[in-house]
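Visitor: Quick one: the structure is below, and I'll ask about it shortly.
Readers should treat all values here as calculations from the given coordinates under stated rules, not as data from a laboratory. Nothing here was measured: the structure is a model prediction, and the numbers come from that model. Don't worry about glycine lacking a Cβ; one is built from the backbone with ideal geometry, like all the others, and counts go over all protein chains shown.
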């Protein structure tokens, strides 16, 4: 009898202990989550390194998983193009005629330029290098706008480099792992891009606000900016090279001026990372991996590195680079 | 390999299926979908799986696992570490507390429960991110995302139901 009582009382004690233990575990994990959030806010190196290690390990899996999505997209596009092939043909003929006229003009200008350069002993600007990578994840959501690409420090991607797609700016490289990198989209709340309005010459900052339409800040109130004006990177601050198309002004009111990005950010499947050698103020020297000290051209492994004509030129062979990046 | 050992391995692999489905949904949610504005309003797939498993197999969904999965998602999406982990922990705690009202009830009650959990999770995330980033974030995409999450829930629940039937089993020791 006494034995039974003892066992009951032990069991009776064990249950509240178990409940209390569970409550403490719950509260402990909650506290841990809060602590981690505060530490992340302080941008400690250890947490960022942990993040790049996790992203690096996951990128190959995402790479494989995103292939069927891409194949599906390609199939949908080919079906779509089948139905509009006639209209598309007419449009392309028209465009071809127009481009031929431009080509003639460009040839004349090229000759004229060459003559003038020869007269001035002009030193040409270095052509940017471009690394082409596949977008393996669109980690968007309503709160954080970024992409993951399957190229990293191994492929000479560096923090702060400009990322373009189909001739328009996508964003900049924010984190670099060994074989992956995170691209902060220009729509993200943290994105600030020094820009210039092409038609008026106004210097502005393209400010992301997590909406699909970034706003122009620091624009003079009497500026004659109107919808449809192109907005380009200005190159100020040394982070982005000048002349990359960011977008066109979508809405210009007294209160605010918003732009429509030139690139449809949700459809970016291949991104080109431009290396103009303008590292600007972004990467602290201690974060640049040692292997980047060697010039990219010296390494035969740098297959995806290829010289690029001016940024707005269409992608020469995006898939070749992407395959080489594997 | 003797049959007891094989049985133990099989049993173990059954027990990791719920966690694995959440992991898989975290990855699937990151895949680039070529639809305009879709990434902004994409349904919260992992949340659906957490809700499902906490209701049906809480024994296989310890809070430490939910926490770890949240941290993994934070690493992937570029969120501050702990943000999603915190949300998942709170959802886990809330659903575990209320699960007696959801178990063994018709599907529409189970679904309604999720329709209560989703806005809570979305609203809390919105507040936390707004505070952490020092700006009022747009609410329209959050609302649309929330509605899409609730609407698409039956599809994911159906898939998980079948995975439970075929792989996990419906034994509920609780």
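Visitor: Do you know the relative contact order of segment B:51-172, to the nearest whole percent, from alpha carbon pairs under 8 angstrom that are 6+ apart? Could the numbers behind the result be given before it?
Guide: Details: 86 pairs, mean separation 31.3, N = 122.
RCO, segment B:51-172: 26 percent.
Visitor: Then there's this: Calculate the length of the line joining the C-alpha centroid of segment A:92-161 to that of segment B:94-152, in whole Å.
Guide: Comparing the Cα centres of segment A:92-161 and segment B:94-152, I get a distance of 43 Å.
Visitor: Treat each spin label as a single point 7 Å out from the Cα along the C-beta direction, and report the residue B:101 to residue A:221 distance in nm.
Guide: In this crude spin-label approximation the distance works out to 5.3 nm.
Visitor: Within 10 Å of each Cβ of B:35-46, how many other protein chain Cβ atoms are there on average? Mind dumping the intermediate values first?
Guide: Details: counts 3, 5, 5, 4, 12, 12, 3, 5, 0, 2, 0, 0.
If you average over the peptide's residues, the count of other-chain Cβ atoms is 4.
Visitor: State, to one decimal in nm², a quarter of the convex hull surface area for the C-alpha atoms of segment A:95-149, i.e. the direction-averaged projected area.
Guide: Numbers: hull surface 30.6 nm².
If you wrap the Cα atoms of segment A:95-149 in a convex hull and average its projections, you get 7.6 nm².
Visitor: Please give the helix B:63-77 orientation as an angle from the longest Cα principal axis of chain B, in degrees from 0 to 90, rounded to the nearest 10.
Guide: 50 degrees
Visitor: Under the definition of partner shielding as Cβ atoms of other protein chains within 10 Å of a residue Cβ, what is the mean value for peptide A:209-215?
Guide: 3
Visitor: If each of residue A:15 and residue A:83 carries a label point 7 Å out from its Cα toward its Cβ, how far apart are those two points in nm?
Guide: 6.5 nm
Visitor: Can I ask one more? Sorted by average packing, counted as other Cβ atoms within 10 angstrom per residue and highest first, what order do B:41-48, A:143-150, A:76-83 take?
Guide: A:143-150, B:41-48, A:76-83
Visitor: Which order results if A:66, B:3 are arranged by neighbouring Cβ count within 10 Å, fewest first? Show your work: numbers first, answer last.
Guide: Values: A:66 24, B:3 8.
Listed from fewest to most nearby Cβ atoms, that is B:3, A:66.
Visitor: Identify which of B:67, B:56, B:123 has the largest mean-square fluctuation in a Gaussian network model of chain B, with springs joining Cα atoms closer than 10 Å.
Guide: B:123
Visitor: Cα axis of helix B:83-98 to longest principal axis of chain B: angle in degrees, 0 to 90, nearest 10?
Guide: Helix B:83-98 sits at roughly 60 degrees to that axis.
Visitor: What number, in percent, do you get for the relative contact order of segment B:1-61 if the mean sequence gap of Cα pairs under 8 Å and at least 6 apart is divided by its residue count?
Guide: 38 percent
Visitor: Starting from 0.36 nm per residue, how many nanometres of slack lie between residue A:93 and residue A:75 once their C-alpha separation is accounted for?
Guide: Net length gain for the segment: 4.0 nm.
Visitor: Cβ neighbours within 10 Å, averaged per peptide: list A:115-121, A:156-162, B:59-65 in order, most packed at the top.
Guide: Taking the mean over residues of other Cβ atoms within 10 Å, the ranking is A:156-162, B:59-65, A:115-121.
Visitor: Average partner chain C-beta neighbours within 10 Å, per residue of A:73-79?
Guide: Per residue, the average neighbour count from other chains is 1.
Visitor: Let me ask something else. What do you get for the angle between helix B:3-30 and the principal long axis of chain B? Use alpha-carbon atoms, 0 to 90 degrees, nearest ten.
Guide: Here the helix axis deviates by roughly 10 degrees.
Visitor: So for A:134, B:14, fewest C-beta neighbours within 10 Å to most, what's the order?
Guide: The most exposed by this proxy come first: B:14, A:134.
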